[in-house]
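Here's the structure, in structure tokens; my notes come after.
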Amino acid sequence: MCYSTSLRKPIKKIEEKLYEPFKAEFEVSDEYKPYFHLNGFSYGNLQIIRMENSSTIVPASWGLIPHWAMNDPSGFRKKSNTLNARSESIFEKASFRDSANDKRCLILADGFYEPHHENGISIPYFCYQPTKDEPKGELFLFAGLYTEIDDGLYTATILTTEANDFFAEVHNKKKRMPLVLDENVYEDWFDEGLSDQAINELMATGFSNLEFKAHPVSRDLYKRGVDTNKPYIIEEVQKDTLF
């Protein structure tokens, strides 16, 4: 599962990074503000690139609303959690089936948070892809699905998959991880002609080849009433200071 993300990059850096292969730019730049922590249950905006228009970056409310629930989105969200979609079952679940074929997207992030369990206690870990140019986390793209609930208003979900060896150690209870796509398969993900089988194969083999790192962060992440959209929330802490 992936219920918390970060996107700390300014617009210029994002657009420079996505110039190839998309030449993608923010459709409405005034609506984007970098963040250190976005809690999915706030239903705040993720930034996405859609297969129907890969040259624009648009905001999408986190938590996919299927077309048949668009008359009552808040009622749907009270009953259903669609912040994530299990990649293994998107063609079986009514909430995701339609989007899986023709409304796939890429979701921008430069970090996310996963729970690590020790002695029955959940410890949040910050996960990121360090590079020489971005030691605190390079921009990457989750595989996602989206819907358009009104003209220019979108909702989205992040796909998850079975954890690899690294994330099985981090997310050591449910052993899942968000599907971070390798840049070599971005164009394939947007291919309108993909069969269900081809999409399934892509999800099973398309995880990023770049190395991830992870470290424990403050358990403020789990506290209500604490503003965790602050720089300190991504900083590594010693485990003995968590409790």
The correct count of residues that are exposed (fewer than 15 other Cβ atoms within 10 Å of the Cβ), in a loop (DSSP other than H, G, I, E, B) and among the small types (G, A, S) in the range 86-109 is 1
Are any residues in the range 54-78 modelled with pLDDT under 95 and among the β-branched types (V, I, T), and if so, which ones? none
Considering only the range 114-130, how many residues are out of contact with any helix residue (DSSP H, G or I) (no Cβ under 6 Å at 6 or more places or on another chain) and more than 20 Å from V185 (Cα to Cα)? 10
Condition first: surrounded by 14 or more Cβ atoms within 10 Å (Cβ to Cβ) and of a type in the set (D, E). Can you find one or more residues in the range 19-42 that meet it? yes
Taking E114, is it touching a residue at least 40 places away in the same chain (Cβ under 8 Å) and surrounded by 23 or more Cβ atoms within 10 Å (Cβ to Cβ)? yes
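Residue-wise test of (1) in a helix (DSSP H, G or I); (2) among the basic types (K, R); (3) closer than 29 Å to A100 by Cβ.
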position: A198; (1), (2), (3): yes, no, yes
position: L202; (1), (2), (3): yes, no, yes
position: H215; (1), (2), (3): no, no, no
position: L221; (1), (2), (3): yes, no, no
position: R224; (1), (2), (3): no, yes, no
position: D227; (1), (2), (3): no, no, no
position: I233; (1), (2), (3): yes, no, no
Is there a residue being buried (at least 17 other Cβ atoms within 10 Å of the Cβ) and within 19 Å of E162 (Cβ to Cβ) anywhere in the range 218-227? no
For the range 46-85: of the residues being among the polar types (S, T, N, Q) and surrounded by fewer than 17 Cβ atoms within 10 Å (Cβ to Cβ), which is farthest from L181 (Cα to Cα)? N71
Restrict the check to the range 187-195 and report whether at least one residue is assigned to a loop (DSSP other than H, G, I, E, B) and among the polar types (S, T, N, Q). yes
Would you be able to tell me the number of residues in the range 71-91 that are of a type in the set (S, T, N, Q) and touching a helix residue (DSSP H, G or I) at 6+ places or on another chain (Cβ under 9 Å)? 5
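The values are calculated or read from the model by the stated rules, or taken from the named source; none is laboratory data. What you are looking at is a predicted structure, and each value in this text was computed from that prediction instead of being measured. Cβ atoms come from the backbone with ideal geometry, glycine included; neighbour counts cover every protein chain shown.
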